[in-house]
Structure formats: C-alpha cells, structure tokens
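Taking it in order: structure first as structure tokens, then the write-up.
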Amino acid sequence: MKNQLQGKIVSLKMQKTAVVEVKKIKEHPIYRKKINFNKKYKAHLDQEGFKEGDNVIIEETTPISKDKKWRVVQQLA
C-alpha cells in the first residue's frame with residue numbers, strides 16, 4: 001500500500017497542482033513535550049471542484065514533475 005497523508009489545501013494558484021499542508025504532532029524523546037510540525041506538499045489534481053481549505057487525502061506516486069510526487073485521492077467531508 002502506498003503512503004497516504006491527510007491535510008488541508010492551502011493554495012490552488014497553479015494549474016493541476018494543489019499545495020497541501022500536513023500537520024503532525026511528535027513527542028520530544030527526553031522532555032515528553034508534544035511539538036507541532038507542518039509540512040507542505042505539492043500534489044497533482046485531476047478533478048475540478050476543490051477549493052482552498054478543503055481537507056483531502058494525498059497518496060504517494062511516481063514523480064510527475066520536479067516537485068510533485070503526490071496526488072490528491074479524495075476529499076474529506
């Protein structure tokens with residue numbers, strides 16, 4: 001099974017590309033404090049109908065371009 005991440009669409013300014021921000025929470029190994037991490041991924045969009053702020057699932061795929069290695073699979077409610 002391919003890697004899947006859940007995130008929010010931050011930008012739709014490029015053609016057939018969405019910038020998706022994925023939030024992760026990690027725990028510090030010594031101090032046990034929870035730390036928030038944000039990472040942005042460029043994902044390929046096949047369909048129309050998405051807008052900024054939508055929660056989506058992205059899936060890892062073979063490289064489509066220099067920066068795009070993910071594609072949008074589905075929109076979450």
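For the chain, the Cβ-based charge dipole about the Cα centre amounts to some 440 debye (Lys, Arg positive; Asp, Glu negative; other atoms uncharged). When ILE57, ILE30 are sorted by how many other C-beta atoms sit within 10 angstrom of their C-beta, beginning with the fewest, the order is ILE30, ILE57. Think of the chain as having a plus end and a minus end, set by charges on the Cβ of Lys, Arg, Asp and Glu; of VAL73, VAL19, LEU45, VAL19 sits farthest toward the positive end of this dipole. Our coupling estimate for the stretch 30-47, obtained by passing each phi through the Karplus curve with A = 6.51, B = -1.76, C = 1.60 and θ = phi - 60°, is 9, 8, 6, 8, 7, 10, 8, 10, 10, 9, 9, 10, 8, 10, 7, 10, 8, 9 Hz, Gly and Pro reported as x.
Length gained on full extension, ILE64 to VAL10: 17.4 nm, using 0.36 nm per residue less the C-alpha separation.
Scanning residues 5 or more positions from ASP54 or on other chains, those with amide H under 5 Å from its amide H are ILE9, with H placed 1.01 Å from N in the peptide plane.
The candidate values were (i) 72, 6, 5; (ii) 58, 19, 4; (iii) 25, 14, 11; the one computed from these coordinates for semi-axes √(5λ) of the Cα gyration tensor in Å carries the label (iii). With springs only between Cα atoms under 10 Å apart, run a GNM on the chain and tell me which of LYS13, LYS23, LYS42 wobbles the most. The residue that fluctuates most here is LYS13. Taking a straight line from the alpha carbon of LYS51, these lysines sit under 16 Å away, with near neighbours fewer than eight places off in the same chain left out: LYS8, LYS13, LYS16, LYS42. Counting only other residues whose beta carbon sits under 13 Å from that of GLY53, what net charge do I get with K and R as +1, D and E as -1? Neighbourhood net charge equals -1. Couplings for the stretch 52-59, taken from phi via the Karplus curve 6.51 cos²θ - 1.76 cosθ + 1.60 with θ = phi - 60°, read 4, x, 6, 8, 9, 10, 10, 10 Hz in order; Gly and Pro are left as x.
Computed from the coordinates by the stated procedures, all read-outs in this text should not be read as laboratory data. Note that this is a predicted model, so its numbers are computed, not measured. Here the Cβ is made from the backbone with ideal geometry for all residues, glycine too, and neighbour counts use every protein chain on show.
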